[in-house]
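Rule-based calculations on the coordinates, nothing more; no lab input. What you are looking at is a predicted structure, and each value in this text was computed from that prediction instead of being measured. Heads up, the Cβs are rebuilt from the backbone with ideal geometry, glycines too, and the neighbour counts pull from every protein chain shown.
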Amino acid sequence: MYIREKLRANPIFAVIGSVLAFGLAGFLLYLNLRPPDKVGKSFFTNDDGKTWFVDRADLPVPVQRDGKEVVMAQVFTINGEGKPFVKYMRRYTPEALDRLKKRQPGAAPTAADAFPLRMEYKVPGDTKWHDLEGNFAALADYLKMTDPRGDLVEVSP
């Protein structure tokens with residue numbers, strides 16, 4: 001009751017506290033929705049994971065380059081050693097890609113930007129892309145994130 005009595009006696013403290021709380025909430029929202037200062041790097045492939053290359057992580061995949069579809073590649077090694085290999089590939093769904101293309105560079109984020117963009121997944125050799133976003137058990141089963149040879153260690157570009 002002590003705090004309540006103090007706030008009744010000095011309502012300015014309630015106003016100041018409310019302004020600070022809203023200001024903090026607005027600042028945190030800005031930090032979460034602003035574009036990144038530096039764009040990282042990711043692996044990409046255009047030949048079903050046989051080879052890969054490094055490019056900007058914000059590349060809206062799939063994208064056409066030299067007449068081939070470029071998608072994001074997730075590269076791993078066994079136990080952090082040996083020859084790296086593409087375990088699976090990712091690309092945005094057509095709807096997510098449309099949302100990405102409609103964004104204006106440098107524009108303020110919208111409420112829709114707060115929702116994640118859906119991805120499709122494919123392992124090398126498979127002919128079909130799978131939209132398993134949100135179904136983590138099915139995604140883990142499809143990607144088979146275990147290997148009898150040892151632990152999978154993701155490679156950074």
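For the chain, the 222 nm mean residue ellipticity estimated from helices alone, with every DSSP H stretch of n ≥ 4 adding -39500 (n - 2.57) and the total spread over all residues, rounds to -9500 deg cm²/dmol. What does the extension gain come out to for L100 and T51, with contour length at 0.36 nm per residue minus their alpha carbon separation? Extra length available between L100 and T51 comes to 15.0 nm. Ranking of R56, R103 by neighbouring Cβ atoms within 10 Å, starting from the fewest: R56, R103. Placing unit charges on the Cβ atoms of the charged side chains and taking the dipole of the chain about its Cα centre, the candidate lying farthest along the positive direction among P84, G17, S156 is G17. Proximity of backbone amide H atoms, modeled 1.01 Å from N, is registered between E120 and R91, Y92, T93 at under 5 Å, excluding neighbours fewer than 5 places apart on the same chain. The lysines whose alpha-carbon is closer than 27 Å to the alpha-carbon of K41, local same-chain residues fewer than 8 away aside, are K50, K68, K83, K87, K101, K102, K122, K128, K144.
Here the alpha carbons of segment 41-154 define both size measures, Rg and Dmax, at 15.3, 47 Å. Sorting 38-49, 11-22, 141-152 by their mean Cβ neighbour count within 10 Å, with the most densely packed peptide first, gives 38-49, 141-152, 11-22. Using the beta-carbon distance between V39 and R65 and R0 = 22 Å, what value does 1/(1 + (r/R0)^6) give for FRET efficiency, to the nearest 0.05? So, using R0 = 22 Å, E works out to roughly 0.80.
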